[in-house]
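The values are calculated or read from the model by the stated rules, or taken from the named source; none is laboratory data. Keep in mind the model is a prediction, meaning the values are calculated, not measured. Neighbour counts run over all protein chains shown; Cβ positions are idealised from the backbone, glycine included.
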Amino acid sequence: MITIVNYGMGNLGSVVNMFKRIGFSTEIVEDPGLLLNATKILLPGVGSFDQAMKRINERGFLEVLNKKALVEKVPVLGICLGMQLLTRGSEEGVLPGLSWIKADTLKFPPNSGLKVPHMGWNRVFNASPSTLTSNLPDEPRFYFVHSYRVKVDNEADSILKCSYGLDFDAAVQHDNIFGTQFHPEKSHKFGMRFLENFAKI
Amino acid sequence: MLKTRIIPALLLRDDALVKTTRFDKPTYIGDPINTVRIFNELEVDELVFLDISATTDGRKPNMKVLEEIANECFMPLAYGGGLNDFQTISDIFRIGFEKVVINSACHHNPELIGQVARHFGNQAVMASVDVKRNFFGGYEVWTHSGKKNSKMKPVEWCCHLEKLGVGEILLTSIDREGTWSGFDIELTKKVSDAVNIPVIAHGGAGNIEHIIQVVHEGKASAVALGSMVVYQQKGMGVLVNFPDKSLLNKNLL
């Protein structure tokens, strides 16, 4: 069972659909109390950094999330904004992030001549090895939509890189904490394999 | 670098898939669900669905068909047609689409664009701009599935849309749509040069050279295909297909 945290940000239908397709059940929880028994947690997210952190705080998710992720060490996957929330903070906002991964969320450099948001299909490259990326289909490509990028302190925490004007961290892992900047739920067989790997941990 | 997106643009008329020529003569293609299954297997970059009779019939989107589509497709999905209010648009996102396509409402309810962009992000809002040449050869923007002339000029209109918060423009040449005669390169280039958001060229694709040309010369960020992906060839029967990916990859990013 994958427990999806609904803090009111973004599109949960697609993630649920893809897990259903690969044979894993999901539950969407809006009440922090219901997270207590979760064995695998997914943080979705489309929207702005501060709004997401504000809602996590207001709805009382922060304490239980910290306990699950840092004490119980339940596998957690953050998708898109959900990955950025794993970092210390973002240039998009002023609120602190979850700080589960030593990383910052930064703007794409201005005046690079590249359009922001970085939107569309892009190739990714393996960085540090991870169970989530060990068996991706050939020439893996994923669907991205984002205006900010994650930069890890320790390269060991970067498991996939992508290039758009500069190389950035497309997927990260530190112990039981995982994040993807792309949308696996919108990335055909590539995303399906990735989510399957997460579901099977 | 980003791949150039090649996007099947599929026309719905309530619950049937159709194809038009110059926004007229809708011809039945098939069942939308069977068709999207094929595109899913072909692993296409993205799909755009446009219900061409929702606005003119004053009808809401067919949510049942759209939900089935979202359950089948694991790629980015956009929907347009009959989107006039925030609640209906929110419902489209809730079922698993990540972009809405807005055309007529940009003209009579521009506040809606900003509202949707603030809530769901600019990248979630695609404006559809349908353009026809007038008697004197000038370009004009039409609405209501090509039935009402807004008298707006496409470049000014698209710049205005960008300011309203639109994240992407689906630029359709009514004169070329369904004709297999190639894109309107001049129109595409004019608009692409004027805005900073992606422009999806649509209308006229007949072969791979047309696609390459509108990207290289027309500066299109992405390309939408209609007839080419639902017919075998011009004047021939229905065949859901996709142009040779290795040829596209060789010529495009």
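Here the condition is being among the basic types (Lys, Arg) and surrounded by fewer than 19 Cβ atoms within 10 Å (Cβ to Cβ); of B:Lys19, B:Lys60, it holds for B:Lys60 alone. Within region B:60-84, the set of residues being in a loop (DSSP other than H, G, I, E, B) and either touching a residue at least 60 places away in the same chain (Cβ under 8 Å) or in contact with a strand residue (DSSP E or B) (Cβ under 8 Å, 6 or more places away or on another chain) (or both) comprises B:Pro61, B:Asn62, B:Cys73, B:Met75, B:Pro76, B:Gly81, B:Gly82, B:Leu83.
Residues checked against (1) of a type in the set (Phe, Trp, Tyr); (2) surrounded by fewer than 20 Cβ atoms within 10 Å (Cβ to Cβ); (3) at pLDDT below 95:
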{"site": "A:Lys102", "(1), (2), (3)": "no, yes, no"}
{"site": "A:Ser112", "(1), (2), (3)": "no, yes, yes"}
{"site": "A:Met119", "(1), (2), (3)": "no, no, yes"}
{"site": "A:Val124", "(1), (2), (3)": "no, no, no"}
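Considering region A:10-32, the residues that are touching a residue at least 40 places away in the same chain (Cβ under 8 Å), in contact with a strand residue (DSSP E or B) (Cβ under 7 Å, 6 or more places away or on another chain) and not in a loop (DSSP other than H, G, I, E, B) include one that is farthest from the other protein chains (Cβ to nearest Cβ), namely A:Phe19. The set of residues in region A:43-76 that are in contact with a Ser or Thr (Cβ under 7 Å, 6 or more places away or on another chain) and closer than 18 Å to A:Gly97 by Cα contains only A:Phe49. When the criteria are applied in full, A:Gly191 fails the requirement of being at pLDDT below 95 and within 14 Å of chain B (Cβ to nearest Cβ). Residue count for region A:169-187 under the criterion of being assigned to a loop (DSSP other than H, G, I, E, B) and surrounded by fewer than 24 Cβ atoms within 10 Å (Cβ to Cβ): the result is 2. Within region B:134-168, no residue satisfies the criterion of being loosely packed, with under 15 Cβ neighbours inside 10 Å and of a type in the set (Val, Ile, Thr).
So, restricting to strands (runs of 3 or more DSSP E) that lie completely within region B:122-191, which ones have at least 2 residues that are over 22 Å from B:Pro76 (Cα atoms)?
Answer list for region B:122-191: B:125-133, B:139-143, B:148-152.
Looking at (1) within 14 Å of another protein chain (Cβ to nearest Cβ); (2) part of a helix (DSSP H, G or I); (3) not charged (D, E, K, R), which is the one condition that is false for B:Ile200? Here B:Ile200 clears every test but (2). Scanning region B:39-59 for residues that are farther than 20 Å from A:Met119 by Cβ, outside any loop (DSSP other than H, G, I, E, B) and either over 17 Å from the mean Cα position of the chain (by Cα) or within 13 Å of chain A (Cβ to nearest Cβ) (or both) yields B:Asn40, B:Glu41.
Listed by position, the helices (runs of 4 or more DSSP H) contained in region A:43-137 that have at least 2 residues being more than 27 Å from B:Met1 (Cα to Cα) are A:49-58, A:61-66. Evaluation of A:Phe144 against the conditions (1) touching a strand residue (DSSP E or B) at 6+ places or on another chain (Cβ under 7 Å); (2) farther than 26 Å from A:Met192 by Cα; (3) buried (at least 22 other Cβ atoms within 10 Å of the Cβ) shows that the sole unmet condition is (2).
Does B:Asp31 qualify as being loosely packed, with under 15 Cβ neighbours inside 10 Å, away from every other protein chain (no Cβ under 14 Å) and in contact with a Lys or Arg (Cβ under 9 Å, 6 or more places away or on another chain)?
Numbers: loosely packed, with under 15 Cβ neighbours inside 10 Å: yes; away from every other protein chain (no Cβ under 14 Å): yes; in contact with a Lys or Arg (Cβ under 9 Å, 6 or more places away or on another chain): no.
No; evaluated as a whole, the condition is false for this residue.
For region A:145-162, how many residues meet the condition of being modelled with pLDDT under 95 and part of a strand (DSSP E or B)? Can you show your working first?
Residues of region A:145-162 that are modelled with pLDDT under 95, as a first pass: A:145-148.
With part of a strand (DSSP E or B) added as a condition, the list becomes A:145-146, A:148.
So the count comes out to 3.
Taken across region A:42-59, residues that are more than 14 Å from chain B (Cβ to nearest Cβ), modelled with pLDDT of 95 or more and over 24 Å from B:His119 (Cβ atoms) do not occur at all.
Of the listed requirements (1) out of contact with any Phe, Trp or Tyr (no Cβ under 9 Å at 6 or more places or on another chain); (2) within 14 Å of chain A (Cβ to nearest Cβ); (3) more than 23 Å from B:Gly182 (Cα to Cα); (4) buried (at least 21 other Cβ atoms within 10 Å of the Cβ), B:Leu83 misses just one: (2).
Out of curiosity, is B:Gly206 more than 18 Å from the chain's Cα centre (by Cα) and farther than 26 Å from B:Ile92 by Cβ? So B:Gly206 fails the test. Out of curiosity, is B:Leu10 out of contact with any Gly (no Cβ under 6 Å at 6 or more places or on another chain), crowded, with 16+ Cβ neighbours inside 10 Å and either touching a residue at least 60 places away in the same chain (Cβ under 8 Å) or not β-branched (Val, Ile, Thr) (or both)? Spelling it out, B:Leu10 is indeed out of contact with any Gly (no Cβ under 6 Å at 6 or more places or on another chain), crowded, with 16+ Cβ neighbours inside 10 Å and either touching a residue at least 60 places away in the same chain (Cβ under 8 Å) or not β-branched (Val, Ile, Thr) (or both).
For A:Lys67, the requirement of being more than 14 Å from chain B (Cβ to nearest Cβ), surrounded by fewer than 19 Cβ atoms within 10 Å (Cβ to Cβ) and in contact (Cβ under 8 Å) with a residue 60 or more places away in the chain is not met.
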